[in-house]
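The values are calculated or read from the model by the stated rules, or taken from the named source; none is laboratory data. This one's a predicted model, so the numbers in the text were calculated from it and none came from an experiment. Here the Cβ positions follow ideal geometry from the backbone for every residue, glycine too, while neighbour counts run over all protein chains shown.
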Amino acid sequence: MSSDSYKTQSYLLVGLVILLTCSLPLIGNGAGAFTLFPSLSQTINRHVVYQTVTLLITLGFLWLLRHVRPLVFSEYFRKGDIAAPFKPVPALMMRPKAGQNWKQEGRDLAIVISAVTAVIIYFQVSFDQSMKVARLWSILPFSLLFAMTNAFIEECITRLGVVVALKGVIGDKALPSISAIIFGIVHYWGSPGGIAGMLAAGFLGWLLAKSILETKGIFWAWLIHFLQDVIILTALFWTD
């Protein structure tokens, strides 16, 4: 394939990433029209439909990436080196100590980002004093299941998709910013939403794309995203 053809293919793939990312909230809204399990809340029913449809779409997207970019896809669609070196970003006050790597930094970032997410959710969601802990335990299995699938879906589309599409076309330093823009903008209408949600999602998109590039795998991207989704979905289901 010529250089020009490769670049054209890359931009088409990025266009597909943007299209799929924008389609996620639309599918989510449409999924609310279906009630497959009357004994469960409407929000959980919506996620059953949404997660099933978007997971099938994601699997098709992964097949396409594997078909058109087999080498890059196989390089990044794996667990990766979870203890790979963490490249400092002084502009964002990310200056890991000598010898620290993604194993330490990933753990610390997961804790800090989860705490920030919990604070944002607390101020954006109305909690009723009458809510019972028993209900929390009943919805937690759904939160865990859907957090696993949702994190996989969004990481494969908005992170892995960008990396596989643009690797070798633009520099590695710019790649995370592309993912941040795509992921951040669509979360303006997400949960958490608004400006705060958009900025938080944008930073998360940047960081997780950075993790995929540096570890050559999706472990940290999926795990950190999963933890945030557990918090978000638990609050969503508990207050429904």
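Some observations on this one:
- Within the set LEU19, LEU55, LEU92, LEU12, the sole residue that is under 26 Å from GLY184 (Cβ atoms) and surrounded by 13 or more Cβ atoms within 10 Å (Cβ to Cβ) turns out to be LEU55.
- Flag for ALA196 being within 26 Å of ILE232 (Cα to Cα), over 15 Å from the mean Cα position of the chain (by Cα) and of a type outside the set (Val, Ile, Thr): yes
Residues checked against (1) more than 12 Å from the chain's Cα centre (by Cα); (2) surrounded by fewer than 18 Cβ atoms within 10 Å (Cβ to Cβ); (3) modelled with pLDDT of 95 or more:
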position	(1), (2), (3)
ASP128	yes, yes, no
ALA134	yes, yes, no
SER138	yes, yes, no
MET148	no, yes, yes
GLY161	no, no, yes
ILE181	yes, yes, no
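- Restricting attention to the stretch 65-79, the residues being surrounded by 13 or more Cβ atoms within 10 Å (Cβ to Cβ), part of a helix (DSSP H, G or I) and either among the hydroxyl-bearing types (Ser, Thr, Tyr) or touching a residue at least 12 places away in the same chain (Cβ under 8 Å) (or both) number 6.
- Within the stretch 28-46, the residues that satisfy the criterion of being in a helix (DSSP H, G or I) and either within 16 Å of the chain's Cα centre (by Cα) or among the polar types (S, T, N, Q) (or both) are GLY28, ASN29, GLN42, THR43, ASN45.
- Within this structure, VAL186 passes the test of being of a type in the set (A, V, I, L, M), part of a helix (DSSP H, G or I) and within 12 Å of the chain's Cα centre (by Cα).
- Test: residue in the stretch 88-96 that is part of a loop (DSSP other than H, G, I, E, B) and either modelled with pLDDT of 95 or more or under 28 Å from ALA165 (Cβ atoms) (or both): yes
- The selection criterion, being at pLDDT below 95 and not in a helix (DSSP H, G or I), does not hold for PRO25.
- When TYR122 is tested against (1) under 27 Å from ILE195 (Cα atoms); (2) modelled with pLDDT of 90 or more; (3) of a type outside the set (A, V, I, L, M, F, W, C); (4) touching a helix residue (DSSP H, G or I) at 6+ places or on another chain (Cβ under 9 Å), exactly one condition is not met: (2).
- Among residues of the stretch 163-178 being touching a Lys or Arg at 6+ places or on another chain (Cβ under 8 Å) and in a helix (DSSP H, G or I), the one that is surrounded by the most Cβ atoms within 10 Å (Cβ to Cβ) is VAL164.
- Taking the stretch 24-49 as the range and being hydroxyl-bearing (Ser, Thr, Tyr) and in contact (Cβ under 8 Å) with a residue 24 or more places away in the chain as the test, the residues that pass are SER41, THR43.
- Residue satisfying condition, being in a helix (DSSP H, G or I), within 22 Å of VAL125 (Cα to Cα) and under 11 Å from the mean Cα position of the chain (by Cα), within set LEU204, LEU208: LEU204
- Within the stretch 53-68, tally of residues that are over 24 Å from GLY28 (Cα atoms) and in contact with a Ser or Thr (Cβ under 9 Å, 6 or more places away or on another chain): 1
- Hey, ALA209 within 23 Å of ILE27 (Cα to Cα) and either of a type in the set (Gly, Ala, Ser) or touching a His at 6+ places or on another chain (Cβ under 6 Å) (or both) or not: no
- Filter result for ILE82 (outside any helix (DSSP H, G or I), among the hydrophobic types (A, V, I, L, M, F, W, C) and more than 30 Å from SER5 (Cα to Cα)): yes
- Residues that are of a type in the set (Phe, Trp, Tyr), farther than 25 Å from GLY32 by Cβ and surrounded by fewer than 20 Cβ atoms within 10 Å (Cβ to Cβ), drawn from the stretch 183-240: PHE203, PHE219
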